[in-house]
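Data block below; observations after.
The values are calculated or read from the model by the stated rules, or taken from the named source; none is laboratory data. Quantities reported herein were computed from a predicted structural model and do not represent experimental measurements. Positions of Cβ are backbone-derived with ideal geometry, glycine not excepted, and every protein chain shown enters the neighbour counts. When the accessible area is computed, the model is the full protein with side chains, heavy atoms only, and any ligands, DNA or RNA have been set aside. Shrake-Rupley method; radii C 1.70, N 1.55, O 1.52, S 1.80 Å.
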Amino acid sequence: MSTTLKVNGQTHSVDVDDDTPLLWVLRDTLGLTGTKFGCGMAQCGACTVFVDGVAQRSCVFPVSALADSEVTTIEAITSPEARAVQAAWTAHDVPQCGYCQSGQVMSAVALLTENRKPTDADIDAAMNGNLCRCATYVRIRAAIHDAARSLEG
């Protein structure tokens, strides 16, 4: 079945079943491999993308649920929050193996878009669904605090 979707500002027509998870359309059909497959059950956050600006787990999000929504992947985040998070990630050497990092960055950007001055508790709550096998959680929290400070001016 042909489905039209808007991803990173471009409209695509894809021929997939309605229940195909968005993740597989992004990776296999559109070749946007920055979004990762982790658990396939929305438990690890590696597949996090924005649907109409809201962080969603693309591994369980059926493409039929998009309707007229716009999807943004790690390849296209360019907001001030995204730039601040990316700079802080580099400054704090956050990535270890790097596999979860696109999902971590997407969730951190979502947090800072909603809350420019997160507390440790805010960060823990927002990042709770993003797992890192390398356990870089201390660096992630420090990077988010630094990104928040850089957004203050």
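Assorted remarks:
- When all protein chains stay in place and ligands, DNA and RNA are ignored, the 1.4 Å accessible-area order of 39, 47, largest first, is 39, 47.
- Within the chain, the whole DSSP H helices whose Cα atoms reach 15 Å or more along their own axis and whose mean Kyte-Doolittle score is at least -1.0 are 80-91, 101-114, 137-151.
- Rounded to the nearest Hz, the phi-derived 3J(HN,Hα) couplings of the stretch 26-36 under the Karplus curve 6.51 cos²θ - 1.76 cosθ + 1.60 (θ = phi - 60°) are 4, 6, 7, 8, 9, x, 8, 8, x, 7, 9, where x marks glycine and proline.
- GNM remark for the chain: springs join alpha carbons under 10 Å apart, and the peak mean-square fluctuation among 104, 86, 96 falls on 96.
- With 0.36 nm allotted per residue and the present C-alpha distance subtracted, the residue 18-residue 91 stretch has 22.1 nm of extension available.
- Label sites at residue 69 and residue 1, each approximated as a point 7 angstrom past Cα along Cα to Cβ, lie 1.6 nm apart.
- Cut-off 12 Å (backbone N to label point 7 Å along Cα→Cβ of residue 120), residues of the stretch 127-153: 138, 141-142
- Shape of the stretch 27-79, Cα gyration tensor, a/c cut at 1.5: rounded
- Basic side chains Lys and Arg get +1 at the Cβ, acidic Asp and Glu get -1 at the Cβ, and with that the dipole of the stretch 36-153 about its Cα centre reaches some 340 debye.
- Gain in span if fully extended, residue 28 to residue 135, counting 0.36 nm per residue against the direct Cα distance: 35.7 nm
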